[in-house]
Amino acid sequence: MSGGIFDIIIEYINTVFLVFSVILFAMFTIMGYLSTRNAIHYRNKNSIGDLSKVMASPLAPTITIIAPAYNEGLTIVENIRSLLSLKYVNYEVMVVNDGSKDDTLEKMINAYHLEKIDRLIDPNWRSKPIRGIYKSKQPSFSKLTVVDKENGGKSDAINTGIYLSESKYVGCIDVDCLLRPDALLHVVKSFYQRSKKRVIAVGGVIRVANSCGISGGTLEEIRLPENWLAKFQLLEYTRSFLLGRMAWGRIDSLLIISGAFGFFDREIALAVGGYDTNTVGEDMEIIFRMRRYMHELKESYTIEYIPDPLCWTEVPEDLKIFVNQRDRWARGNLETLFKHKDMFFNSRFGRLGLVSYPYWFFYEWLAPLMEFFGFFTIILFWYLGILNWEFFVAITATIYMFSVMFSFYAILWDVYTYNEYKRTKDILTLMLCALIEPFVFHPIVVWSAVRGNYKKLFRVKSGWGSQVRKGFVKAT
């Protein structure tokens, strides 16, 4: 009797893993198809039209780029120089020094000849106290504004910038990011290319700048990262941004815009209260609230996604820093899903409630936990001598081949569309990464997600963490 029940439990577990795997295969296949359609549509749509007319027009909408900075003294001067060299007429660069303990503020003051100015500030605005606002004495740096405030975290710094901005649109980026000179032109076009829907936010692809040649704050030479951890992240970013988020953008169901490159309609961002300072997943959570807000108003809206390689950033090369980053992402994911749990399979939110939220719940949150506990289940079954080796080998081989094939497709599609890495050696290196990623890199990602969920579920105190910048390589 007990043996029969035990067999039923084993078959049930096998069935759950098989069904879960089949659904994931189907979803990733559909995502590949949708992202391809969307990329082709984007290229055809943007093959006509002259963006320089937008740049030259005095009627171009105003944009404020908000860049929070905390202990960024190593790269802050060059990063600001990059932001000041963008090809756009009506924009402001607002660097918010979030209580840095190093020489970040001093370097900005000296490099850009800043002096403190007087400005009225609403004392009731919800942010840490502002210690000073600085503008440059030189006309060539007139677009730069530096805000010095007490430390309150990234979200608090961005909210300060949103409040102080007077622009129609605000862009929230990481200060270590390098933007292509025409980045704002693409952003503005994305905000204005819709006639029947209000574009409330615009996101884009994040590229890996590690080992790339930088000169004068400008990306001069694109190179494959020398560090292997960075190589794996490059592959992951290519797969995630070029296929995953492009697919969600195709069906207007994107639920996250990367904090490294996100632009918002300031009116809507203020209406929802800005970023949530009580979560470490602020870039995802604000999109949930903005979408909910527009649904409640019953207004027609959309979120645009730009696949062009406009934003380049430095990714962690230290394993400990990387694990802390992914730990934080997992905690932010769980916080956001829990806060907006009423959207789960709620038809009132359309595709967001019926497709997007369930995907994030089952794949982004539940899948790493299933993988982690599934590993120990396999060890237990092997120890008890009840492991179905034929089923185990078959499903493991199928999952491995599918994941490699999906990564290969992302690499080759990137070559076909943008071809940033032109050396055959670089493409073969990325393919090698795809072959060994499931054994080397993916387990680290899973472990980081499990650790983050454990901290959140059992209320282990953990902050935002920090990333040590190595600085960009000088172009030769």
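The values are calculated or read from the model by the stated rules, or taken from the named source; none is laboratory data. All figures in this text were calculated on a predicted structure; none of them were measured in a lab. Here the Cβ positions follow ideal geometry from the backbone for every residue, glycine too, while neighbour counts run over all protein chains shown. When the accessible area is computed, the model is the full protein with side chains, heavy atoms only, and any ligands, DNA or RNA have been set aside. Shrake-Rupley method; radii C 1.70, N 1.55, O 1.52, S 1.80 Å.
Values as computed for the structure displayed
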{"read-out": "Residue match in segment 228-242 (condition: touching a helix residue (DSSP H, G or I) at 6+ places or on another chain (Cβ under 6 Å) and more than 30 Å from Arg423 (Cα to Cα))", "value": "no"}
{"read-out": "Strands (runs of 3 or more DSSP E) enclosed by segment 133-250 - at least 2 residues per element that are crowded, with 17+ Cβ neighbours inside 10 Å", "value": "144-149, 169-173, 198-208"}
{"read-out": "In segment 1-39, the residues that are of a type in the set (Val, Ile, Thr) and open to solvent by 50 Å² or more (accessible area, probe 1.4 Å)", "value": "Ile5, Ile8, Ile9, Thr15, Val16, Val19, Val22, Ile23, Thr29, Ile30"}
{"read-out": "Flag for Ile436 being in contact (Cβ under 8 Å) with a residue 24 or more places away in the chain, under 22 Å from Val315 (Cβ atoms), open to solvent by 40 Å² or more (accessible area, probe 1.4 Å) and part of a helix (DSSP H, G or I)", "value": "no"}
{"read-out": "Segment 69-97, residues that are open to solvent by less than 30 Å² (accessible area, probe 1.4 Å) and of a type in the set (Val, Ile, Thr)", "value": "Thr75, Ile76, Ile80, Val93, Val95, Val96"}
{"read-out": "Of all residues in segment 251-265 being among the hydrophobic types (A, V, I, L, M, F, W, C) and modelled with pLDDT under 95, the one that is surrounded by the fewest Cβ atoms within 10 Å (Cβ to Cβ)", "value": "Ile251"}
{"read-out": "Candidate set from segment 329-381 (those that are charged (D, E, K, R) and either closer than 23 Å to Arg250 by Cβ or not in a helix (DSSP H, G or I) (or both)); member that is least open to solvent (accessible area, probe 1.4 Å)", "value": "Glu364"}
{"read-out": "Breaking point among (1) surrounded by 20 or more Cβ atoms within 10 Å (Cβ to Cβ); (2) within 25 Å of the chain's Cα centre (by Cα); (3) at pLDDT below 90; (4) not small (Gly, Ala, Ser), for Val54", "value": "(2)"}
{"read-out": "Residue list for segment 407-424, restricted to those being in a helix (DSSP H, G or I), of a type outside the set (Phe, Trp, Tyr) and free of Cβ contacts under 8 Å to residues at least 40 places away in the same chain", "value": "Leu412, Val415, Thr424"}
{"read-out": "Neighbours by Cβ (under 7 Å, 6+ apart or cross-chain): first from segment 209-231, closer than 14 Å to Asp426 by Cβ and in contact (Cβ under 8 Å) with a residue 40 or more places away in the chain; second open to solvent by 50 Å² or more (accessible area, probe 1.4 Å) and assigned to a strand (DSSP E or B)", "value": "Ser211/Val473; Cys212/Glu221; Cys212/Val473"}
{"read-out": "Top-ranked residue in segment 439-474 [being within 29 Å of Gly216 (Cβ to Cβ) and surrounded by 14 or more Cβ atoms within 10 Å (Cβ to Cβ); ranked as modelled with the lowest pLDDT]", "value": "Val473"}
{"read-out": "Qualifying residues in segment 266-294 (those that are farther than 21 Å from Gly249 by Cα and within 17 Å of the chain's Cα centre (by Cα)) - the one surrounded by the most Cβ atoms within 10 Å (Cβ to Cβ)", "value": "Val280"}
